[in-house]
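Chemist: What follows is a structure written as structure tokens; I'll ask about it next.
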Ligand code: HEM
């Protein structure tokens with residue numbers, strides 16, 4: 001559920017000088033908890049996966065330390081991702097605007113945003129990434145529990161052990177692909193996005209350029225509250 005609002009309007013809400021709250025403190029904290037735990041699992045997981053990447057374990061205190069913390073940080077990643085699901089599931093549903101946007105996605109890739117149809121708080125690509133991480137983490141947790149407590153799986157059911165290894169690796173590789181695109185888009189491609197996930201706010205111009213429908217919704221809600229503040233509203 002979006003809690004975004006106009007923070008300062010630099011004149012009237014929606015003018016170029018105005019700033020809009022894009023991510024609340026709670027959203028930012030959970031995002032960075034997920035990021036930290038995911039990057040830890042990524043480094044340690046790659047170290048376990050291939051001898052060529054075993055050296056990565058030395059970056060995080062050596063292989064035994066990595067083996068101890070990997071499943072715990074994996075649980076941390078799952079909890080923070082489920083928390084994001086609780087906060088954002090309403091904003092992440094596919095809309096007709098997303099379907100129109102997805103047909104014009106080539107303009108997004110070619111950095112010609114002015115040719116894209118307007119979208120809400122998140123664009124279709126961001127939504128796909130969210131669902132990839134959400135379903136990815138479910139598979140990672142289930143298969144990860146199988147690997148964590150592998151000795152509890154009897155030898156007669158060893159196909160479960162093999163399935164757990166395969167599912168864990170495939171889900172990890174899929175999330176890594178999405179993660180690389182996400183970090184690239186958020187830091188290098190869409191200027192202003194990174195500041196928003198650190199400080200929480202964006203300029204009105206940024207909101208209008210990248211998420212027009214969301215911008216219009218925030219401005220509408222903000223003007224409604226100005227004329228009908230929650231403290232004096234009679235909602236009964
Ligand atoms: C160090 C790594 C990461 C960086 C630099 C990063 C960067 C960002 C940025 C800049 C945004 C704001 C984008 C915008 O509002 O336009 C964002 C949003 C978001 N991040 Fe991350 N992120 C990282 C890791 C993760 C991880 C591990 C997850 C896994 C669940 C994640 C999930 C999301 C989601 C779902 C959003 C909202 C939708 C979106 O922008 O895709 N991020 N991130």
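The values are calculated or read from the model by the stated rules, or taken from the named source; none is laboratory data. What you see is a predicted model; the values in this text were computed from it and never measured. So basically every Cβ, Gly included, is an ideal-geometry build from the backbone, and we count neighbours across all protein chains shown.
Chemist: Quick check: is even one residue across the stretch 44-53 farther than 21 Å from residue 177 by Cα, touching a residue at least 24 places away in the same chain (Cβ under 8 Å) and outside any loop (DSSP other than H, G, I, E, B)?
Modeler: No.
Chemist: Could you tell me whether the stretch 173-191 includes any residue that is at pLDDT 95 or above and away from the ligand (no atom under 16 Å from the Cβ)?
Modeler: The answer is no; no qualifying residue exists.
Chemist: So, one more: In the stretch 56-74, which residues are more than 19 Å from residue 146 (Cα to Cα) and surrounded by 15 or more Cβ atoms within 10 Å (Cβ to Cβ)?
Modeler: Across the stretch 56-74, the qualifying residues are 56, 57, 60, 63.
Chemist: Kindly indicate the residue of the stretch 192-205 that is near the ligand (Cβ under 10 Å from one of its atoms) and outside any helix (DSSP H, G or I) and also modelled with the lowest pLDDT among those meeting that condition.
Modeler: Taking the candidates together, the pick is 192.
Chemist: Considering only residues that are within 13 Å of the ligand (Cβ to nearest atom) and closer than 18 Å to residue 27 by Cβ, which ones fall in the stretch 206-219?
Modeler: From the stretch 206-219, those within 13 Å of the ligand (Cβ to nearest atom) are 206-207, 209-211, 214-215; that's our starting set.
Passing the criteria: 206, 207, 210, 211, 214, 215.
Chemist: Let me ask you something else. Checking the structure you have, find out if any residue of the stretch 18-28 is farther than 21 Å from residue 141 by Cβ, within 13 Å of the ligand (Cβ to nearest atom) and in a helix (DSSP H, G or I).
Modeler: Yes, the stretch 18-28 contains a residue that is farther than 21 Å from residue 141 by Cβ, within 13 Å of the ligand (Cβ to nearest atom) and in a helix (DSSP H, G or I).
Chemist: Looking only at helices (runs of 4 or more DSSP H) that fall completely inside the stretch 102-185, which ones have 2 or more residues that are within 21 Å of the chain's Cα centre (by Cα) and surrounded by 15 or more Cβ atoms within 10 Å (Cβ to Cβ)?
Modeler: In the stretch 102-185, the matching helices (runs of 4 or more DSSP H) lie at 124-148, 158-184.
Chemist: Can you name the condition, by its number, that residue 61 falls short on among (1) modelled with pLDDT of 95 or more; (2) more than 14 Å from the ligand (Cβ to nearest atom)?
Modeler: Condition (1) is where residue 61 drops out.
Chemist: Taking the stretch 150-172 on its own, how many of its residues are within 16 Å of the ligand (Cβ to nearest atom) and without any contact (Cβ under 8 Å) to a residue 60 or more places away in the chain? Talk me through it step by step, then tell me what you get.
Modeler: Kept after step one, since they are within 16 Å of the ligand (Cβ to nearest atom), are these residues of the stretch 150-172: 171-172.
Narrowing further to those that are without any contact (Cβ under 8 Å) to a residue 60 or more places away in the chain: 171.
Selection size over the stretch 150-172: 1.
Chemist: Looking at (1) touching a residue at least 40 places away in the same chain (Cβ under 8 Å); (2) within 11 Å of the ligand (Cβ to nearest atom); (3) in a helix (DSSP H, G or I), which is the only condition residue 222 fails?
Modeler: (2)
Chemist: Going through the stretch 65-109 one residue at a time, which ones are more than 30 Å from residue 36 (Cα to Cα) and away from the ligand (no atom under 16 Å from the Cβ)?
Modeler: Selection gives 96, 99, 100, 103, 104, 106, 107.
Chemist: Let me ask something else about it. Checking residue 90 against (1) touching a residue at least 24 places away in the same chain (Cβ under 8 Å); (2) surrounded by 17 or more Cβ atoms within 10 Å (Cβ to Cβ), which test does it fail?
Modeler: (2)
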